[in-house]
Amino acid sequence: MILIDGKKIAAELREELKKEVSSLKTKYNKIPGLSVILIGDLTPSQIYVKNKEKFANEVGLRSEVIKYPDSVKEKVILDKISELNSNDSVSGILVQLPLPKHINKQKIIEAIAPSKDVDGFHPMNVGNLSSGYQSSIPCTPLGCYLLIKKIEPNLSGKKAVIVGRSNLNGKPMTQLLLKENCTVTITHSRTKNLKAECLEADIIVAAVGIPELVKGDWVKKDTIVIDVGINKTDKGIVGDVAFDEVSKNAKALTPVPGGVGPMTIACLLKNTIDCFKRSQI
Ligand code: NAD
């Protein structure tokens, strides 16, 4: 079984991105910039944003974190986004989710200029991705896609089963694999026989949020299994895949932690650089 080392692959990607930033600096005499808006003091959000800033600096991006208290008014955030939209030194804008209840998530997402939407959540980017046009691609599914391609460069005709249909993970993952000519089944909480669906798969991507949902006898030999889940349990952080059982059958499997997570941040940096490059055309 191949243990897909997301930590190592993400570090290699960051190394490539670092070189790219350096050559963009030479070519345009400026560097891509990422602005992150962080509202409130949720610990996981603070940790994510800290890591995003650390790795952005590592690859040589200009990065800033703009912090607001939980009580901030929606208009203040919308005005800030509008200011960042028209600031030429800002290539990418990310508003860290989740948001406090009084702030309308959809309004915030739609306020970000699609050309600076490094999370790929704006409806225009969602539509472009599903139409097969150029778009920002949500960071986690993009990271999963890059990991799958490392193991199997030619995905044409493969049967992929996506477990979970969220806008953040399952749906964009489906689009990315369709584009690679996979036959894709998207499953969810109302799917009748999830085990039978998974047993058909050459590729499984699990993004559910239920600890160790995908069992060893759900996976046929030679399946590539990507585990997006991050679940806090009594035995520590586990994924949506029963790692010990599935590793006996799978061809390749991502660990949790150290699989998809590091790729998510590396892909955010990639998206920021890609937004910058498109803005220079
Ligand atoms: P979500 O709650 O938005 O969506 C979960 C999906 O799972 C839904 O579509 C639901 O229908 C489906 N589902 C629920 N119960 C099911 C069941 N019994 N069988 C089949 N499908 C079922 O979740 P999300 O935002 O997509 O996140 C999923 C997981 O991925 C979470 O554990 C989250 O923490 C993790 N995550 C990890 C990263 C990363 O960088 N590694 C990034 C984002 C999310």
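The values are calculated or read from the model by the stated rules, or taken from the named source; none is laboratory data. Please read all numbers here as calculations on a predicted model, not as lab measurements. Here Cβ is always computed from backbone atoms with ideal geometry, including for glycine, and neighbour counts include all displayed protein chains. Calculation scope for accessible area: heavy atoms of the full protein, side chains included, ligands and nucleic acids excluded. Shrake-Rupley method; radii C 1.70, N 1.55, O 1.52, S 1.80 Å.
Packing here is the average count of other Cβ atoms within 10 Å per residue, and on that basis the peptides 32-39, 165-172, highest first, run 32-39, 165-172.
Going by Cα centres, the stretch 226-257 and the stretch 1-58 are how many Å apart? Each part reduced to its Cα centre gives a spacing of 24 Å.
Could you pull out the GluC sites (Glu not before Pro) across the stretch 58-110 that fall in loop regions by DSSP (anything but H, G, I, E, B) with no more than 13 other Cβ atoms inside 10 Å? Counting only loop positions with at most 13 other Cβ atoms within 10 Å, none of the GluC sites (Glu not before Pro) in the stretch 58-110 qualifies. Partnerless cysteines in the chain, where a partner means another cysteine C-beta under 4.7 angstrom, comprise Cys144, Cys182, Cys198, Cys275. Note on the chain: Cα Rg divided by 2.2 N^0.38 Å, N the number of residues, gives 1.01. Heavy-atom surface analysis with a 1.4 Å probe gives the chain a carbon and sulfur content of 52 percent of its accessible area. Residue-wise HN-Hα couplings along the stretch 230-241, as the Karplus relation 6.51 cos²θ - 1.76 cosθ + 1.60 with θ = phi - 60° gives them from phi, are 10, 10, 7, 10, 4, 8, x, 6, 10, x, 8, 10 Hz; Gly and Pro carry x. Solvent-accessible area per residue in the chain equals 49 Å², computed with a 1.4 angstrom probe and all protein chains kept.
Here's the list of lysines a cross-link from Lys30 could span, going by alpha-carbon distance under 19 Å and ignoring same-chain residues fewer than 8 apart: Lys18, Lys19, Lys116, Lys270, Lys277.
Positive-end ranking of Tyr28, Gly164, Val72 along the dipole of the chain, with charges on Cβ about the Cα centre, is headed by Tyr28. Ordered from highest to lowest accessible area with the whole protein assembly present and a 1.4 Å probe, Asp217, Asp202 read as Asp217, Asp202.
Descending by average beta-carbon neighbour count within 10 Å, the peptides 242-248, 66-72 line up as 242-248, 66-72, the highest first.
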